[in-house]
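These notes concern the structure reproduced below.
Each reported figure results from applying straightforward, stated rules to the coordinates on display, with no laboratory input. This one's a predicted model, so the numbers in the text were calculated from it and none came from an experiment. Because the Cβ atoms are built from the backbone with ideal geometry, glycine has one as well, and the counts that use them run over all protein chains shown.
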Amino acid sequence: MRYINMKRFTLRIAFFTALLTPLFTTAQTEQFSSLQKAKTDSEREIAHQALNKYVVQSLNNALTAEDLEPLISNWPAGNITAGEGNEKVVVLSWNSERSDRTQDYGGFVLFGFERDGDFTTFKWTELIHSRNEDPTNVTRSYRVDDWPGAIYYEIILTHVKKKPVYTMLGWDGADGQVTRKVIETMIVTNDRIRLGVPYLKTDEGLQKRHILEYGDALQATLKYEAENERIVIDRLAPSDPSLEGATAFYGPTMEYDAFLWDGGKWVFSKDVIVTNNKSSRRNRVYNDPKSNRSKKSN
């Protein structure tokens, strides 16, 4: 795991960093612009790695958590925050799509926020995307160096006794046949990030992740309703019974299920009533080339 512990610095240095904020913002915009404009896989890989390097340098150069504000507030891709004080977690993520329409992902988790005098210290770790992992495996836990990848657009903080549990909702562009939505559980223990913990209770038993996989050109709902303390999901089915199991032909049925937080678990519940299914802008992915095709996230 890669992370940095922050140290004490003076107000003079913090003031100097504030003066450089416009420069940081411009550099960040340029990095994302290069990724969006890349035409070939080799150009995309170079731009993707350049963006990754930029984030690492920005985190290393941040003298306090307050110095992270330009990076976080101007981040145009997956940008989620939950908790306060030492329970606070920030997750930044993004994608780039190859010519075969498979995805490469980047991500960072910021955590361990602690007050140190006039400043707040923090730690961070990089999520390293592994294309060799099966993103549909709901029984696996993952380390930060074998992350299956996603753009996370929402995060929910719950507690088991006093232990924070972070549940993230994400989008995975997958390939030219299917799109996925994912419910990803995460905990932080002794400065280590663990993705995929068994807090999802279904009729089949405890799951560590939950996946919706459906046709590439379609849209599916996965959202958190804070007022009902539940995660609402579209029920999916094939367009014809003979296509059972072929998820490229799956789509929403206009019926909904949900996970409700109960007794320290997300408990699956069928046939819930959803009164407002309007899409949220927070569900939209950063680098979805929707100008060239119909795949969207909402």
Rounded to whole Hz and in sequence order, give me ³J(HN,Hα) for the range 82-89 from the Karplus expression 6.51 cos²θ - 1.76 cosθ + 1.60, θ = phi - 60°, writing x for Gly and Pro.
9, x, 9, x, 6, 9, 5, 9
What residues have an amide H closer than 5 Å to that of K223, excluding those fewer than 5 places away on the same chain, when H is modeled at 1.01 Å from N in the peptide plane?
V232
Mean Cβ-within-10 Å packing, highest first, puts peptides 199-207, 51-59 in the order 51-59, 199-207
Over 27 Å (Cα to Cα) - which of K53/K161; K53/K265; K37/K208; K201/K223; K88/K161 fall in this group
K53/K161; K53/K265; K37/K208
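Would you please put 161-169, 174-182 in order of how densely packed they are, using the mean number of other Cβ atoms within 10 angstrom per residue and starting with the highest? Don't jump to the answer; show the numbers that get you there.
Values: 161-169: 17.0, 174-182: 20.3.
Ranked by mean Cβ neighbours within 10 Å, highest first: 174-182, 161-169.
Quick one: net charge around S269, please, counting Lys, Arg +1 and Asp, Glu -1 for every other residue with C-beta under 11 Å from its C-beta.
Working: positive: K201, R230, K270; negative: D203, D257, D262, D271.
So the surrounding residues net to -1.
What is the Cα radius of gyration of the range 176-250 over 2.2 N^0.38 Å, N being its residue count?
Details: Rg = 14.9 Å, N = 75, 2.2 N^0.38 = 11.3 Å.
So the range 176-250 has a normalised radius of gyration of 1.32.
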Using the Cβ atoms and a cut-off under 14 Å, what net charge is assigned to the surroundings of K201, where Lys and Arg are +1 and Asp and Glu are -1?
+1
Calculate, axis by axis, the spread of Cα positions in the range 98-140 along the three principal axes, and write the results as whole Å, longest axis first.
50, 29, 11
Using only Cα positions of the range 135-264, each an equal point scatterer, no hydration layer, compute I(q)/I(0) via Debye at q = 0.09 Å⁻¹ and quote the log10 values to two decimals.
-0.26
Send over the semi-axes of the range 22-109's equivalent ellipsoid, whole angstrom and largest first, taken as the square roots of 5 times the C-alpha gyration tensor eigenvalues.
25, 15, 10
Would you pull out the residues with amide H under 5 Å of D216's amide H, same chain only if 5 or more places away, H placed 1.01 Å from N?
V178, T179
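Between S42 and N74, how high is the FRET efficiency from 1/(1 + (r/R0)^6) when r is the Cβ-Cβ distance and R₀ = 25 Å? Nearest 0.05. It would help to have the intermediate numbers written out before the result.
Values: r = 27 Å, r/R0 = 1.09.
Once rounded, the FRET efficiency stands at 0.35.
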Explain nothing, just compute: Karplus ³J(HN,Hα) = 6.51 cos²θ - 1.76 cosθ + 1.60, θ = phi - 60°, for every residue of the range 262-267 in order, whole Hz, x for Gly and Pro.
8, x, x, 9, 8, 9
Under the Karplus curve 6.51 cos²θ - 1.76 cosθ + 1.60, θ = phi - 60°, whole-Hz ³J(HN,Hα) for the range 249-256, x wherever Gly or Pro sits
10, 8, x, x, 9, 6, 10, 10
Using only the alpha-carbon atoms of the range 83-155 as identical scatterers, what base-10 log of I(q)/I(0) does the Debye formula give at q = 0.27 Å⁻¹?
-1.25
Sequence-distant residues sharing a close amide H with R235 (under 5 Å, placed H)
T253, M254, E255, Y256, D257
What do you get when you divide the Cα radius of gyration of the range 11-283 by 2.2 N^0.38 Å, with N the number of residues?
1.05
